[in-house]
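Asker: Mind looking over this structure? Questions follow.
The values are calculated or read from the model by the stated rules, or taken from the named source; none is laboratory data. Quick caveat, the model's predicted, so the values are computed rather than measured. No Cβ is skipped: glycine too gets one built from the backbone with ideal geometry, and neighbour counts run over all protein chains shown. Only protein heavy atoms, including side chains, enter the accessible area calculation; ligands, DNA and RNA are left aside. Shrake-Rupley method; radii C 1.70, N 1.55, O 1.52, S 1.80 Å.
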Amino acid sequence: MNANSATDECSSAQARERIQAYRERLRQGRETLFQRFDQGVPVAELVREHSQLIDAILRDIWAEHLGPACGEAALVAVGGYGRQELQPASDIDLLVLIEPGAEAELAPRLERLLTMLWDIGLEVGHSVRSVAECVHEAGQDVTVMTNLLEARALCGQELLLAQMREATAPERLWNSEAFFAAKTCEQRARWDKYGGTAYNLEPNIKENPGGLRDIQMIGWVAKRHFAAETLSDLVGHGFLTESECRDLIEGQALLWRIRFALHRLARRREDRLLFDHQRALAQSFGFFDGESNLAVEQFMQQYYRTVQELNRLNEMLLQLFREAILLHDDLGPPQPINRRFQARSGYLEVSSPNVFRRYPLALLELFHILQTRPELQGVRASTIRLIRENRHRIDAAFRDDLRARTLFMEILREPRGLTHAMRRMNRYGVLAAYIPAFANIVGRMQYDLFHVYTVDEHTLTLIRNLRRFTILRHDHEFPLCSAIARRIPKLELLFLAGLFHDIAKGRGGDHSVLGARDAWDFCQHHGLSDFDSRLVAWLVEHHLVMSMTAQRKDINDPEVIQDFAERIGDPTRLDYLYLLTVADARATNPERWNSWKDALLRELYSATRRALLRGLDNPQAQDELIAEKKSEALRLITRYGGDPSACGGLWGGFSRDFFLHHSPDEIAWQSRHILDADPTALPMVVIRPVTARGGTEIFIYCRDRANLFACTTALLDQIGLNIMDARVMTTDADMAVNNYQVLEQDGTPADSPLRMDEIRAALIATLSEQGAESPRVRRAVSRRHRCFPIETRVSFTTDEPNQRTIMRLSTLDRPGLLAEVGTVFEGCGVRLQNAKIATLGAEVDDVFFITSGDDSPITHASILACLRREILSRLEDDGERVAAT
């Protein structure tokens, strides 16, 4: 080994030792921070201490690598690090300020410095600029200007930082008006990205409305315009009261604490409250499962209520900033509305600070005025503050006041502005004060994938959906709902049912029954007649009945329709319930609403309305219904040039269930294709892009064989289709007549010609193989689904009138589920007639209508035991594999 090699090796060893030493210094420093976190030390202290730890390490490394060149450059902390708000896994944002022309000389040293920072485990974001370059970049991009606002000198030539601050001062660059306008636009865009709500299932605690970024937004504007260094400084400037400042700082402290714990748990920078972490965070924050509330739901309710308050404070402060910065406090003369209110600069305000104290009813009147004056953009910030300070006046005496009760009903009956009024009432705390039971559901989440909003946000979205049914320009969205809404005698009863339908969630017991009692009491208290009160209470108690009937029962069975019609009682109740059901389903999870669910509810509504108009004492018999369907199907076949005389022989080999479960159009369409089929060219696969049922229809006609259902469903699953409904039949000639309604993963029909060709070719190729096994479904279970340990449950009931058994399966949704079930049916000697597929978030609630080999109900205990054993064995084993991934 020569001398140079020995020297290089020695140098390399020393470098590794330095890297290891810095790594250990970081590890020990952060471990100390975690210990202090567990001891309850405020996170404001911990993020400052973390910043100081990084400061010390950076100064040492800077001195090692820059040495004498320090006079030509400065190391500056920017962003959150510049504010000394450094969370455990946050990026270290750095700016290296250099003298003009020094870049070439400094580049090698800076490159080694940055490599060192990455080697020791720091996530560094950096830029190297002269003062002139900072000015240029900041002038082009307000986010760069924002970063520079928070610049803090670490080491090197501090004069460079002073020069940069002077060159980017408000009088030179981004004056207060331009800066405020740009940051406001930036916030709106950020809110739009997250759906305009803080109530997302997996919220981003930094970027969501009401998140940390909103607090930073306040700080940036205050610093740029008022030279305020802390949030507390805004009290001295008259923008915050002491209590508001305390709420703002406490809210920030909670979000900081959650973010600190989240970074520690994830072991990386993570600002999303993912399902993966919510349970563990709830436990670490001291929450425990209760009888009616999970720990995670309590934890998330605390979070949602905090960000709602922060969102309100953000709204109020930005409006005050707007008046001070853009309008220069020149709001123009007030325009009187009545003795209590006036309009100023497009916003509603009280005429005197004492209005709510002297006349508490104005706390409700304000929202009614906003409804009747659409030219007003909202409520002035000073009045929002007064609402907050006076909402305690909405007490029992206030709620008993006839004038208050009358005013609330006027808000519900007002033909416009209801959605905005209700959302503002909730945001300002007035709705929870007026309806105390509503306070329990504010910020209440449900730990599943089915409900994507908190209960209060879901409720207000439902009311918005109901309201849209009454607006002419939205008729194209839901034509039937819009037509029904126009004949509803009292829309306010529908809105009340929507307001109370979930109000009892989280209180234990059946929320529908408890909510119905609350609704009855409220209606009686507000002077509604017994008839109207009963209707509202009935709607609340039965608000799930229609969707459960459509999803879990065979609505082609006349007896199911008759039973449902008897439960409804009259067409008016049906109208109300249908509108409430559609609005509720769309407000539960808008992304899961699709044309299939729309068509299913519409079909149930139409069939029930016919039964009610026919008379409950004159139910339609199955034989009569089948005869009607056959007659109409023959007419359609004739109309489209088919031979109706050939149908007698074909239909003679079909089961009665085929005619019960299919519409005349479907019967005619399938029959024509069967009659035209070439027996030597089977299997036949025909696809209709969009049907009256709302999905894409796949019709398969072929020789029946073992595992046909399992093969078909596995293939459809593998190519990314959601099966919404399956209807299978074997004719007397041992031919399979199978029909599937499918949608794409995004809930739209698979209606493009290329997509239909792909589906058809894949099915024909698979079903043509003799003895082919079910294709393996290789799609992975989603990350979200893996967070929900759902027990597999199987139950059986006998449907004696239809000579079949109904099997209900509840389990975790996963790829290949129907194929697994189909394989079990084959192995246990069971025939499938029909399947109704319902997915509720991460859980499926599927219903299978099955028979024994001789088309009779399954009465042998051994067969039922086989089904239960095999399904539990297959799905629970699969569930363990899912959890393991």
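Asker: Kindly state which strands (runs of 3 or more DSSP E) lie completely within the range 762-877 and contain at least 1 residues that are at pLDDT 85 or above and farther than 22 Å from residue 714 by Cβ. So that I can check it myself, show each step before the final result.
Answerer: Working: elements: 793-799, 804-812, 831-836, 843-851.
So the answer is 793-799, 804-812, 843-851.
Asker: Select from the range 288-306 the residues that are open to solvent by 30 Å² or more (accessible area, probe 1.4 Å) and either part of a helix (DSSP H, G or I) or farther than 14 Å from residue 440 by Cα (or both) and list them in ascending order.
Answerer: 288, 289, 290, 291, 294, 298, 302, 305
Asker: Next up: Can you tell me which residue is surrounded by the fewest Cβ atoms within 10 Å (Cβ to Cβ) among those in the range 135-168 that are more than 22 Å from residue 71 (Cα to Cα) and of a type in the set (A, V, I, L, M)?
Answerer: Per the criteria, the residue is 142.
Asker: In the range 448-465, which residues are open to solvent by 20 Å² or more (accessible area, probe 1.4 Å) and either part of a loop (DSSP other than H, G, I, E, B) or closer than 30 Å to residue 289 by Cβ (or both)? Let's see the steps before the verdict.
Answerer: Of all residues in the range 448-465, those open to solvent by 20 Å² or more (accessible area, probe 1.4 Å) come to 448, 450-453, 457, 464.
Matches in the range 448-465: 448, 450, 451, 452, 453, 457.
Asker: Now a separate question. Let me confirm something: among 188, 172, 165, which residue is more than 24 Å from the chain's Cα centre (by Cα) and in a helix (DSSP H, G or I)?
Answerer: Details: 188 fails: more than 24 Å from the chain's Cα centre (by Cα); 172 fails: in a helix (DSSP H, G or I).
None of the other options fit; the residue is 165.
Asker: Restricting the search to the range 721-775, which residues are on the phi > 0 side of the Ramachandran plot and surrounded by 13 or more Cβ atoms within 10 Å (Cβ to Cβ)? First the steps, then the outcome.
Answerer: Just the residues of the range 721-775 that are on the phi > 0 side of the Ramachandran plot, to begin with: 734, 747, 771.
Answer for the range 721-775, where residues must be on the phi > 0 side of the Ramachandran plot and surrounded by 13 or more Cβ atoms within 10 Å (Cβ to Cβ): just 747.
Asker: Would you be able to say whether some residue in the range 307-327 is assigned to a loop (DSSP other than H, G, I, E, B) and open to solvent by 30 Å² or more (accessible area, probe 1.4 Å)? Lay out the reasoning, then the answer.
Answerer: Taking the range 307-327 and keeping what is assigned to a loop (DSSP other than H, G, I, E, B), we get 326-327.
Of the ones still in play, those that are also open to solvent by 30 Å² or more (accessible area, probe 1.4 Å) are 326-327.
Within the range 307-327, one or more residues are assigned to a loop (DSSP other than H, G, I, E, B) and open to solvent by 30 Å² or more (accessible area, probe 1.4 Å).
Asker: Hey, among 660, 682, 716, which residue is at pLDDT 90 or above, open to solvent by less than 10 Å² (accessible area, probe 1.4 Å), under 46 Å from the mean Cα position of the chain (by Cα) and under 30 Å from residue 821 (Cα atoms)?
Answerer: Working: 660 fails: at pLDDT 90 or above; 682 fails: open to solvent by less than 10 Å² (accessible area, probe 1.4 Å).
Checking each option against the conditions leaves just 716.
Asker: Could you figure out which of (1) open to solvent by 70 Å² or more (accessible area, probe 1.4 Å); (2) at pLDDT 95 or above; (3) within 27 Å of residue 334 (Cα to Cα) isn't true of residue 389?
Answerer: Only one criterion in (1) open to solvent by 70 Å² or more (accessible area, probe 1.4 Å); (2) at pLDDT 95 or above; (3) within 27 Å of residue 334 (Cα to Cα) is unmet by residue 389, namely (2).
Asker: Oh, and also: Identify, from the list 599, 565, 587, the residue that is touching a Pro at 6+ places or on another chain (Cβ under 9 Å), assigned to a helix (DSSP H, G or I), of a type outside the set (Val, Ile, Thr) and open to solvent by less than 10 Å² (accessible area, probe 1.4 Å).
Answerer: Working: 599 fails: touching a Pro at 6+ places or on another chain (Cβ under 9 Å); 587 fails: touching a Pro at 6+ places or on another chain (Cβ under 9 Å).
Step by step, each of 599, 565, 587 is checked, and only 565 is touching a Pro at 6+ places or on another chain (Cβ under 9 Å), assigned to a helix (DSSP H, G or I), of a type outside the set (Val, Ile, Thr) and open to solvent by less than 10 Å² (accessible area, probe 1.4 Å).
Asker: Then there's this: Evaluate the range 478-499: report whether one residue or more is touching a Gly at 6+ places or on another chain (Cβ under 6 Å), of a type outside the set (A, V, I, L, M) and more than 22 Å from residue 311 (Cβ to Cβ). Talk me through it step by step, then tell me what you get.
Answerer: Restricting attention to the range 478-499, the residues satisfying the condition of being touching a Gly at 6+ places or on another chain (Cβ under 6 Å) are none.
Looking through the range 478-499, none of the residues is touching a Gly at 6+ places or on another chain (Cβ under 6 Å), of a type outside the set (A, V, I, L, M) and more than 22 Å from residue 311 (Cβ to Cβ).
Asker: Quick one: how many residues across the range 667-679 are under 43 Å from the mean Cα position of the chain (by Cα), farther than 20 Å from residue 734 by Cβ and open to solvent by 10 Å² or more (accessible area, probe 1.4 Å)?
Answerer: 1
Asker: For residue 646, state whether it is in a loop (DSSP other than H, G, I, E, B), among the small types (Gly, Ala, Ser) and open to solvent by 30 Å² or more (accessible area, probe 1.4 Å).
Answerer: Details: in a loop (DSSP other than H, G, I, E, B): no; among the small types (Gly, Ala, Ser): yes; open to solvent by 30 Å² or more (accessible area, probe 1.4 Å): yes.
Here the answer is no, as residue 646 does not meet what is asked.
Asker: Can you tell me which of 705, 693 is touching a helix residue (DSSP H, G or I) at 6+ places or on another chain (Cβ under 8 Å), part of a loop (DSSP other than H, G, I, E, B) and within 30 Å of residue 815 (Cβ to Cβ)?
Answerer: Of the residues listed, the single one that is touching a helix residue (DSSP H, G or I) at 6+ places or on another chain (Cβ under 8 Å), part of a loop (DSSP other than H, G, I, E, B) and within 30 Å of residue 815 (Cβ to Cβ) is 693.
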